[in-house]
Amino acid sequence: MELNNDIKNGWNEYGRLVLTELERLNSRQERVENNLAKLSNEISLVKQEIDQHRNVDERTFMDLASDIKDINTEFTKHVKDVNDVWSPKQMQQVKNEVYTQKNKWTKVAGILIAIQIVFGILLALSGKF
């Protein structure tokens, strides 16, 4: 009977050890699952934030594209309006005329300065004799 009791106590002890080990493994598994759930939640939050920034970037890009289209439309209209008043050929002719007039005034100013220098030299020489 004593042998039977020892075997029962041995199995009871072994059963408690197995149960303790199973409980330890179960608690570790629960911690891993909790950590995995937290990481999964954090990943979801990061994905949401990335999507929000992507949407903002896309909206910003679309706004800029719209602004560029508006500016291009306004510029095209302005060029058309200017061309209705003055053709590019007429503008070139006027520019050439302005440069021609500017060159004439430069020549006139140079001639006047030369004449003043000559008169200055003549006055200086006439005063010495």
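The values are calculated or read from the model by the stated rules, or taken from the named source; none is laboratory data. All values derive from a computational prediction rather than experimental measurement. Heads up, the Cβs are rebuilt from the backbone with ideal geometry, glycines too, and the neighbour counts pull from every protein chain shown.
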* Residue list for the range 14-62, restricted to those being at pLDDT below 85 and acidic (Asp, Glu) -> 49, 51, 57, 58
* To do: Please enumerate the residues belonging to the range 92-129 that are among the hydroxyl-bearing types (Ser, Thr, Tyr) and under 30 Å from residue 82 (Cβ atoms).
  => 99, 100, 106
* To do: Would you check which residues across the range 58-115 are of a type in the set (S, T, N, Q) and not in a helix (DSSP H, G or I) and list them?
  => 87
* Asked: Mind checking which residues of the range 97-123 are modelled with pLDDT of 90 or more and among the polar types (S, T, N, Q)?
  -> 116
